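Chemist: Below you will find the structure I want to go over with you.
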């Protein structure tokens, strides 16, 4: 099913004299591939009204749709149907069930299904780790990663990004650095910019802003402005004018038309009783067009860093 031909494909399908399991599977799989999850769930209802039994492929598509649109109640209905048909032991179905529950925040249910799996795919491991990461439960997330590696599972970039996210939320520096080193040495994975951003956040929260600058200088590709705004937020929190200036200069060099860095640097100067420097920054700031937008953005990067730096956007 090609993108943009969904309506035409559905029209042809519903005109078929015999809508059997094969044709339903083809339709629902195509909708899933296009990310049309609400259409997937609608098609499931139409199929069930015709009293056609679902197969494992359709259950996987339905559960993925429930996960994507946050319909955990519908996901639970599908789970009950899976149990009635005895399909819970099928690897693909079981692993997507874990993902559905974990992404919906239903970690007890996700763990229960996970324990019954005969084959644990990386999608299930990642789902559990990401679920605990969202709650900031870094210790549990790291324990799951440890179990994954001891069991012969091979973590991927998503695995480590979730772990770093968990460590970022809870400010666990040692665990964050250990996981970062594991990415590089044990699995020979080149860290992504998102992973570098997470480790920058971990160190920034803990006050290692000077170490952060050294790390950023070693990143093998161009860091984006978000990295330097995190450092600016940390500089404000830890009252480090020197590092704040470095971060400000780098941020402005990357995006001179974005006023966010000016707003952040002004806060740093004012809180350091450097009123003249703050006045100069404010004068430059008011020449920018995106003041209102930048003030909101700066609030996200500075105020949240004091409690929650908003690394969710990187996941």
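Chemist: Which order do peptides 101-113, 8-20, 226-238 fall in by mean Cβ count within 10 Å, highest first? Each step should come with its number before you reach the end.
Modeler: On the way: 101-113: 18.6, 8-20: 11.4, 226-238: 26.0.
Answer by packing, highest mean first, reads 226-238, 101-113, 8-20.
Chemist: Tell me the volume per residue, in Å³, of the convex hull enclosing the alpha carbons of segment 120-191. Could you put the intermediate results ahead of the total?
Modeler: Working: hull volume 5.0 nm³, N = 72.
So the per-residue Cα hull volume is 70 Å³.
Chemist: Based on the mean of other Cβ atoms within 10 Å per residue, sort peptides 36-46, 182-192, 260-270 so the most packed one is first. The partial results should precede the final answer.
Modeler: On the way: 36-46: 18.3, 182-192: 13.9, 260-270: 24.5.
In descending order of packing, they fall as 260-270, 36-46, 182-192.
Chemist: Out of these labelled values of mean projected area of the Cα convex hull in nm², [x] 19.1; [y] 17.4; [z] 21.3, which was calculated from the coordinates shown here?
Modeler: Recomputing mean projected area of the Cα convex hull in nm² here picks out [x].
Chemist: Once both axes come from the Cα atoms, what is the angle between helix 291-302 and the longest principal axis of the chain, in degrees from 0 to 90, rounded to 10?
Modeler: 80 degrees
Chemist: Helix 107-116: angle to the longest alpha-carbon principal axis of the chain, degrees 0 to 90, nearest 10?
Modeler: 50 degrees
Chemist: As a check on your grasp of the helix formula, calculate [θ] at 222 nm for the chain: sum -39500 (n - 2.57) over DSSP H runs of n ≥ 4, divide by the residue count, round to the nearest 500. Could the numbers behind the result be given before it?
Modeler: Values: 18 runs with 225 residues, N = 315.
Helices in the chain give a 222 nm mean residue ellipticity of -22500 deg cm²/dmol.
Chemist: Turning to a different aspect of this structure: Output the 0 to 90 degree angle, nearest 10, between the alpha-carbon long axis of helix 225-237 and the longest principal axis computed from the alpha carbons of the chain.
Modeler: The angle comes out at about 60 degrees.
FYI, it's all coordinate maths here, none of it is from the lab. Treat the numbers as computed from the prediction; the structure is a model and nothing was measured. Here the Cβ is made from the backbone with ideal geometry for all residues, glycine too, and neighbour counts use every protein chain on show.
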